[in-house]
Amino acid sequence: MNRLKFALLSFLTCAFWFTISQPSWPQEIVDEIIATVNGEIVTLSEFAEIMEGLEPQIQGQLARLGQADRDKEIAKIKKQIIDELIDEKLILQEARRFKIQVDKDDLAAQVETAYRGVKARFPNEEAFKKALNAQNVTEEELKLRYRGQIEKQLIVRELVVRKIRSKIKVTDEEIAKYYGDNQGMFSQPEEIRVRLIQISIPKGITDEEKAKKREEIDELWAKAKSGYDFATLARQFSEGPAAKGGGDLGFFKRGALRPEFESVAFSLNVGEVSDVITTEASYHIIKLEEKKAPVSKSLGEVKDQIRESLLQKKVEEKYVQMLKDLRNEAKIEITKEL
């Protein structure tokens, strides 16, 4: 589901994507109220913090657009962020109504994990501190930023568990139907592992030179068919990919190989060498090294996986509906257009 519609994965968790890079958004702004939600304010600084965290992604999106489309996209992003901030206020208000509190030890542990994750992106301590200084941010301020965002995330998670997830059931009948309707998700198709010897046919060569190339591949084919080690021949003579690895191309499912190779490769028995395959650019010989038969997982093997998938889908649907209900009941006012 689009993370703009599901706050557990929303823009408001952008602290996890904090890159400690110099933002183009002003770091010192005169705070203003941009919206109210049941009397609770949404500030310009909250908006700017999210916009700053998303800036690298936004710039990448906008780079491919013309000016008119850029303006439309920026307006769209701004509206989405404001909507998310409003949703956040509504969710946190609902959490307060349920008297939800966060375990302090869990919060501290997650903040520390997030902080170490950001720090690990830098080659050394000096580079990390230099990046902090560039933004005029201390290590404690960085941790506080993480603390605020992670605390909100934990609160939302607990609200979802109490108000939604704990009341949802997934029946065995639903699981069986999903399994029957999605067999392809739980089966492993046939796979083959092949080796290749390739002799290239350069553009512009004479008929005589091409005939010599054909003689070369025919000699290699005769040796391979008579029992010479295919991998050794590939290492010594192949001009194709993976020649150094004995021509081993690895495993392939149907549809992954070029059609002229696939029909031949999948018709071979294990250990069998193909006839010479001619394409415009090369001569080829294929050897089938290994074949894996298709395998289907039983319902019992995937039952828990399906249950969790269906449960999560229902949770997301109920979450979106809960947000709609909260919005319908709320008094929301946009006080400043951005």
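Tabulated results
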read-out	value
Filtered residues of segment 229-238 (kept if more than 12 Å from Arg195 (Cα to Cα) and loosely packed, with under 13 Cβ neighbours inside 10 Å)	Gln236
Residue check, Glu317 farther than 30 Å from Lys169 by Cβ and either assigned to a loop (DSSP other than H, G, I, E, B) or at pLDDT 95 or above (or both)	no
Residues being modelled with pLDDT under 95, of a type in the set (Asp, Glu) and part of a helix (DSSP H, G or I) - total across segment 89-104	0
Answer residue from segment 117-153, given it is β-branched (Val, Ile, Thr) and under 16 Å from Gly53 (Cα atoms) and is modelled with the lowest pLDDT among those	Val137
Restricting segment 295-307 to residues that are among the aliphatic types (A, V, I, L, M) and either out of contact with any strand residue (DSSP E or B) (no Cβ under 7 Å at 6 or more places or on another chain) or part of a helix (DSSP H, G or I) (or both), the residue that is surrounded by the fewest Cβ atoms within 10 Å (Cβ to Cβ)	Leu299
Qualifying positions in segment 107-157 - closer than 28 Å to Leu90 by Cα, within 22 Å of the chain's Cα centre (by Cα) and of a type in the set (A, V, I, L, M, F, W, C)	Ala114, Ile150
Any pair with Cβ under 8 angstrom, 6 or more apart, that starts in segment 320-338 at a residue that is of a type in the set (Gly, Ala, Ser) and ends at one that is surrounded by 15 or more Cβ atoms within 10 Å (Cβ to Cβ) and in a helix (DSSP H, G or I)	Ala330/Leu90
From the options Lys313, Lys287, Lys223, Lys292, residue that is touching a residue at least 12 places away in the same chain (Cβ under 8 Å), surrounded by 14 or more Cβ atoms within 10 Å (Cβ to Cβ) and charged (D, E, K, R)	Lys287
When residues of segment 246-267 are limited to those that are over 10 Å from Val194 (Cα atoms) and acidic (Asp, Glu), the one modelled with the lowest pLDDT	Glu260
Single match in Leu310, Leu288 (criterion: within 27 Å of the chain's Cα centre (by Cα) and over 30 Å from Gly39 (Cβ atoms))	Leu310
Scan of segment 258-281 for residues that are touching a helix residue (DSSP H, G or I) at 6+ places or on another chain (Cβ under 9 Å) and either without any contact (Cβ under 8 Å) to a residue 12 or more places away in the chain or exposed (fewer than 12 other Cβ atoms within 10 Å of the Cβ) (or both), ordered by number	Asp275, Thr278
Filter result (among the aliphatic types (A, V, I, L, M) and either over 17 Å from Ser274 (Cα atoms) or not assigned by TED's automatic domain parsing to the domain that holds His284 (or both)) within segment 208-255	Ala211, Ala242, Ala243
Whichever residue in segment 313-338 is more than 28 Å from the chain's Cα centre (by Cα) and of a type in the set (A, V, I, L, M, F, W, C) and, among such residues, is nearest to Lys167 (Cα to Cα)	Leu326
Check on Glu52, in contact with a Pro (Cβ under 9 Å, 6 or more places away or on another chain), at pLDDT below 95, surrounded by 13 or more Cβ atoms within 10 Å (Cβ to Cβ) and of a type outside the set (Gly, Ala, Ser)	yes
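Conditions (1) of a type in the set (Gly, Ala, Ser); (2) over 21 Å from Glu40 (Cα atoms); (3) out of contact with any Asp or Glu (no Cβ under 7 Å at 6 or more places or on another chain); (4) surrounded by fewer than 12 Cβ atoms within 10 Å (Cβ to Cβ), marked per residue:
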{"site": "Arg97", "(1), (2), (3), (4)": "no, no, yes, yes"}
{"site": "Asp103", "(1), (2), (3), (4)": "no, yes, yes, yes"}
{"site": "Lys119", "(1), (2), (3), (4)": "no, yes, yes, no"}
{"site": "Pro123", "(1), (2), (3), (4)": "no, yes, yes, yes"}
{"site": "Lys129", "(1), (2), (3), (4)": "no, yes, yes, no"}
{"site": "Asn136", "(1), (2), (3), (4)": "no, yes, yes, yes"}
{"site": "Lys143", "(1), (2), (3), (4)": "no, yes, yes, no"}
{"site": "Glu151", "(1), (2), (3), (4)": "no, no, yes, no"}
{"site": "Leu159", "(1), (2), (3), (4)": "no, no, no, no"}
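The values are calculated or read from the model by the stated rules, or taken from the named source; none is laboratory data. As the structure is a prediction and not an experimental result, all values here were calculated from the model. No Cβ is skipped: glycine too gets one built from the backbone with ideal geometry, and neighbour counts run over all protein chains shown.
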